[in-house]
Amino acid sequence: MLKTRIILLVASAAIIGFIFMLPKAVVENDNQMAGGHVDSAATKQKANPHPTLAKDASGKIKGLRARYLSDPTNKKNAIFADSLAKLYRGAGKFDSAAWFAKEVSTFLQTKESFLKAGDYYYQAFTFADDASKQQKLAEDARVFFTKVLDIEPTNLEAKTKMAMTYVSSSTPMKGILMLREVIAQDPKNELALFNLGMLSVQSGQYDKAIERLEELDKINPENIQGQLLLGVAYMNKGNKAKAKQQFEKVKKLDKDPSVQATADSYLKDLK
């Protein structure tokens, strides 16, 4: 049985990858998940909200930051803050992107601005490599997803992403139950199916993972992440023939060099 690994896909300039960042856990029929949690005191540690940028990126945003910081209470600065959030995100500085998206939401107070801030914090949470930092970013994301759901209780995107922030917390079952609720409301919800499939792979429930991901394949056969993860599930289940077929399918679906390299690495393991 081959060990699951980090999978990171890159398409064009945008990162669309997913990471198996959750702690090792045991899940029985989606009913139990045990994972480590971060001491609450650790989440109070302050970090620099604006990490240092590469010279080329910093040159593009220097003027915008100066204009924003000259009077951060001016509502018109929401435009500058939004631009800065996008630029930081493009530069891979997800913490800074989230911070400025949060500032935009304080000006606008709209569902859309709350959802964007939640999305940016969620992305920062996804890529965080420090447990205490990840926990704090998850909490920040939940704040904004809660605001979205207060306005629009049927927003399943916000609910699904919020669920994933709980899965890696001290109350993982809350996240699992939320994902179930999403599937109950929308059996064809791609994001929820993918995440349930990912969690099943993570916990060694390969039959359950295959069930979820094959359903996702029926709904959207061009979902590259789902197709790749389905190959991983087949591989770990021991079905080498289907796994090989799946990775070859991924190579045909997406010619991006990073996707090709990832699929090739799995195919090499199957030899």
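Derivation of every value follows stated rules applied to the coordinates shown; laboratory data play no part. This structure is a prediction, so every number in the text was calculated from the model and none was measured. All Cβ positions, even for glycine, are placed from backbone atoms using ideal geometry, and neighbour counts span all protein chains on display.
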Let me know the shape class of the range 61-167, please: from the alpha-carbon gyration tensor, a ≥ b ≥ c as square roots of the eigenvalues, rounded when a/c is under 1.5, otherwise prolate if a/b is greater than b/c, or oblate.
oblate
Using the Cα gyration tensor of the range 211-271, with a ≥ b ≥ c the square roots of its eigenvalues, what is the shape: rounded (a/c below 1.5), prolate (a/b larger than b/c) or oblate (neither)?
oblate
Which of rounded, prolate, oblate describes the range 126-271, given a ≥ b ≥ c as roots of the alpha-carbon gyration tensor eigenvalues and a/c under 1.5 marking rounded, otherwise prolate only if a/b is larger than b/c?
prolate
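Given 93/174; 102/147; 93/255; 133/208; 76/159; 159/237, which pairs have Cα atoms separated by over 23 Å?
Details: 93/174 29 Å; 102/147 12 Å; 93/255 27 Å; 133/208 31 Å; 76/159 31 Å; 159/237 30 Å.
Too far apart for the 23 Å limit: 93/174; 93/255; 133/208; 76/159; 159/237.
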Please compute the contact order of the range 61-167 in relative form: average sequence separation of alpha-carbon pairs under 8 Å and at least six residues apart, divided by the residue count, as a percent.
19 percent
For the modelled label position 7 Å from the Cα of residue 219 along Cα-to-Cβ, which residues of the range 151-176 have backbone nitrogen atoms closer than 12 Å?
156-157, 160
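How much FRET efficiency would the formula 1/(1 + (r/R0)^6) give for residue 261 and residue 154, where r is the Cβ-Cβ distance and R0 is 35 Å, rounded to 0.05?
On the way: r = 40 Å, r/R0 = 1.13.
For residue 261 and residue 154, the calculated efficiency is 0.30.
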Compute, for the range 154-256, the length of the dipole vector about the Cα centre, with Cβ point charges of +1 (Lys, Arg) and -1 (Asp, Glu) only. Units Debye, rounded to 20.
300 debye
If each residue's Cβ is checked for other Cβ atoms within 10 Å, how do 150, 119 rank with the fewest at the top?
150, 119
Quote the FRET efficiency, to the nearest 0.05, computed for residue 268 versus residue 79 with a Förster distance R0 of 45 Å and r equal to the Cβ-Cβ distance.
0.40
